[in-house]
Every structure is written in C-alpha cells, then in structure tokens.
1. If we only count helices (runs of 4 or more DSSP H) wholly inside the range 37-145, which ones have 1 or more residues that are within 30 Å of residue 24 (Cβ to Cβ)?
2. Out of the residues in the range 138-150 meeting the condition of being more than 17 Å from residue 86 (Cβ to Cβ) and either out of contact with any helix residue (DSSP H, G or I) (no Cβ under 9 Å at 6 or more places or on another chain) or crowded, with 16+ Cβ neighbours inside 10 Å (or both), tell me which one is modelled with the lowest pLDDT.
3. Out of 59, 103, 50, I need the residue that is surrounded by 18 or more Cβ atoms within 10 Å (Cβ to Cβ) and either outside the structural domain of residue 135 (by TED's automatic domain parsing) or in contact with a strand residue (DSSP E or B) (Cβ under 8 Å, 6 or more places away or on another chain) (or both). Which one?
4. Give 82, 17, 12, 21 a once-over and let me know the one that is under 30 Å from residue 104 (Cα atoms), under 19 Å from the mean Cα position of the chain (by Cα) and in the same structural domain as residue 99 (by TED's automatic domain parsing).
5. Restricting the search to the range 27-43, which residues are surrounded by 15 or more Cβ atoms within 10 Å (Cβ to Cβ) and within 19 Å of the chain's Cα centre (by Cα)?
6. Condition check: over 24 Å from residue 143 (Cβ atoms) and under 18 Å from the mean Cα position of the chain (by Cα). Does residue 55 satisfy that?
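The values are calculated or read from the model by the stated rules, or taken from the named source; none is laboratory data. All figures in this text were calculated on a predicted structure; none of them were measured in a lab. Please note: Cβ atoms are built from the backbone with ideal geometry, for glycine as well, and neighbour counts cover all protein chains shown.
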C-alpha cells in the first residue's frame, strides 16, 4: 500500500483510534434508545462517526497526493501544555476571570505571530464567556475573582 498523503492517512487513523476508544468507554454504560438516550448513547454514536470519518480520511490519504507530516515542534507543545497546567494550578487562587486571561496569553506565546494586545483582548472575551457559561450558566462552584478582591 502506498501512502500518498501521510498527513491525511495518520489523521484518519487517529480519528479511528479515538472512535474505538469512545466506543470502548461508552460500552460500560447503558445505551438506551433514540427517544430515551442512556449515558452510553452519545459516546457510541460519536465513536461510530469518528470511525467512519477517520476511514474516509485515511482512504483519501492513500488515493490523493498530499502533504507530508511536518516535523514535530516541541516548544509550542510544551508552552501550550504548560499554560494549561498553570491554569489548573492558579484558578482556585486567582479565579476564573484572571486565570482564563492568563491561560490565553500564555498559550498564545507559543505562536510566532504572538501579539500581547490581541492575546489580552481575546483572553478578556473568553474570560467573560467562561464565567458566563461555567459559573453563571452551569452553576459550577468556581471563584470568579481572587479571594482578596471580594
């Protein structure tokens, strides 16, 4: 078998693997019916869709010429992962609002197109969205602001 588009082929296999994993995890839960979905319904349907999509993408990688997989860049990977870890560590102390802005600015620094002003603006927007959805909408017990500002 000749792989003409390694990028598509490996992305397709990744989707298939994630789909199999979702079905495996969802198999431990009750399926239910389409009218009365159980907790295992969504993971199984999502897993099936990922397998179908992954198969189509992998087959495309065999049939159509495309790009090679680029070399792995460790710095951006470590910066983004580090910013997520930092977020998890500071959110109880600084609150969701400030921690979200910090997360976005820190993760944006992984890009060679990083601009502080744009990152802060996006961070503020996403901070308002995070507070609205998770704290106000879903009622999660997360501090919005640091304790010393109350």
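1. 41-63, 74-108
2. If we take residues in the range 138-150 being more than 17 Å from residue 86 (Cβ to Cβ) and either out of contact with any helix residue (DSSP H, G or I) (no Cβ under 9 Å at 6 or more places or on another chain) or crowded, with 16+ Cβ neighbours inside 10 Å (or both), then 150 is modelled with the lowest pLDDT.
3. On the way: 59 fails: surrounded by 18 or more Cβ atoms within 10 Å (Cβ to Cβ); 103 fails: either outside the structural domain of residue 135 (by TED's automatic domain parsing) or in contact with a strand residue (DSSP E or B) (Cβ under 8 Å, 6 or more places away or on another chain) (or both).
Answer to the selection: 50.
4. 82
5. Correct list: 43 only.
6. No: the conditions fail for residue 55.
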